[in-house]
Every structure is written in C-alpha cells, then in structure tokens.
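Note sheet for the following structure.
The values are calculated or read from the model by the stated rules, or taken from the named source; none is laboratory data. As the structure is a prediction and not an experimental result, all values here were calculated from the model. Note that each Cβ is placed from the backbone with ideal geometry, even for glycine, and that neighbours are counted across all protein chains shown.
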Amino acid sequence: MISCRDYQPLLGMYALGRLPESETAALLAHADGCPGCRAELDGLRAVAGALGHADPDRVSLPPAPPPWLRESVLTAVGARHARRRLRRLAWAGGLAAAAIAGVALLAGLSGTDRPMVTYGSGGMRVSAQLDARQWGTAVDLSVSGLTTGQRYLVWLEHRDGSRIPAGSFTARGMGLTMELSAAVQGDEAVALGLSTVPGGPAVLRAPISR
C-alpha cells in the first residue's frame, strides 16, 4: 500500500509546478483524504510562492544544512531497508502475523523500547509502534478485521484529550500495514484511536504502552 512517506517527496515538486500530470491526480487524491499531507502541501505552496521574491545576490554565505539532517537521512534509509524486510516476512508468514513479528524484530534491532499499541476485540486486530521524529511521531500501523471498504481516520489522543490527526485509510479484507504521521511528540500522546468521521465517536481507542 502506498503510504504518506511515499507521497511526501512529491509534495515539493507539486508546489513548484514540477510534478508530472501522470502523478498529480494520485497525489491530490491522497492529500484530499490525509490532513497531514494536506497541511504540509499548503505550507510548501506558501514557501514556493515566496521563492520568487528571493535575491541570491544578498546571500553572503551558502546555507549550511541543519545539524540534525544527517541523522534524519540515515534514519530514513534504515527505515526503508527495514520496511523491505517486513514486506518479505509478510509474504512468507501472512500479512497480519508478519506485521506483528516485524515490529518485534525492529524493536530488537534498535535496542530500545518504543511506545506500542495493541488491541483485539472479536475479529478486529490493531497493532502500532510509535517512533519520535523532529516533526512529531511516526506511526507504523497494522490493522485487520475492519469493515471492508470503510474509510477510517487515525488519530493520536493528546494528554489534554484532543485528537491529533495521523492520516486515514480504507479497510481491506486481507488487512493493511501502513506508515502514518502525527504532529505531536510521542510522550504527549496517551492513546491511538480510529473513527469514521472527523470528531465522531471512536471505533476503537487503545492506550499507548511504554
């Protein structure tokens, strides 16, 4: 399944008017249903609009990359390799079971305990692992047993009770594994939830274990 991280590199190209038409429709359709990507796209549009007023002759020194950039790039590369390992496990052992096993494998490789969510009721199964990022929290989410064809909104619950959007997905009978993101620091989130309408009742709410 194509996730937010697959679309994020295309947001800047679209904001600059450089994204091919063949990819534009899919990007806009995703952004229409994903509050996080839509907000990022709006911010990039504002930046792209300001670029025309920039004067290179007034820049005395070339801009230096921020100190956290190297770590961020290395983390992203490591995560991509880890995701490929998870996909191979999913084909070998079944999608839902492999997702749970992959989460455990990543935790062992990192050598650190990461916040987790596990939920099971009837045939519904949800598991998630949270990773702190500079911009907020990355959510590796696996779901199965949800109503096929139903669109679900994913959110993290802030300690003050507010809901921070983390994206959305449409359920499939075979289950899904996806990567989402929320603009909230992990230590400020107390639960993960799903609902079918913005601000509507929670289909499920599971506390975050640390």
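A few comments on the model shown:
- Within segment 138-160, the presence of at least one residue that is farther than 30 Å from residue 73 by Cβ, in contact with a helix residue (DSSP H, G or I) (Cβ under 8 Å, 6 or more places away or on another chain), buried (at least 19 other Cβ atoms within 10 Å of the Cβ) and of a type outside the set (A, V, I, L, M) is confirmed.
- Hits in segment 148-191 (condition: under 20 Å from residue 207 (Cβ atoms) and modelled with pLDDT under 90): 185, 186, 187
- The single condition from (1) modelled with pLDDT under 80; (2) part of a helix (DSSP H, G or I) that residue 54 fails is (2).
- Which listed residue, of 36, 43, is at pLDDT 80 or above, touching a Pro at 6+ places or on another chain (Cβ under 8 Å), part of a helix (DSSP H, G or I) and surrounded by 10 or more Cβ atoms within 10 Å (Cβ to Cβ): 36
- Output for segment 123-147, where each listed residue is at pLDDT below 90 and in a loop (DSSP other than H, G, I, E, B): 123, 134, 135
- Each residue in segment 178-198 was checked for being of a type in the set (S, T, N, Q) and under 11 Å from the mean Cα position of the chain (by Cα), and 1 pass.
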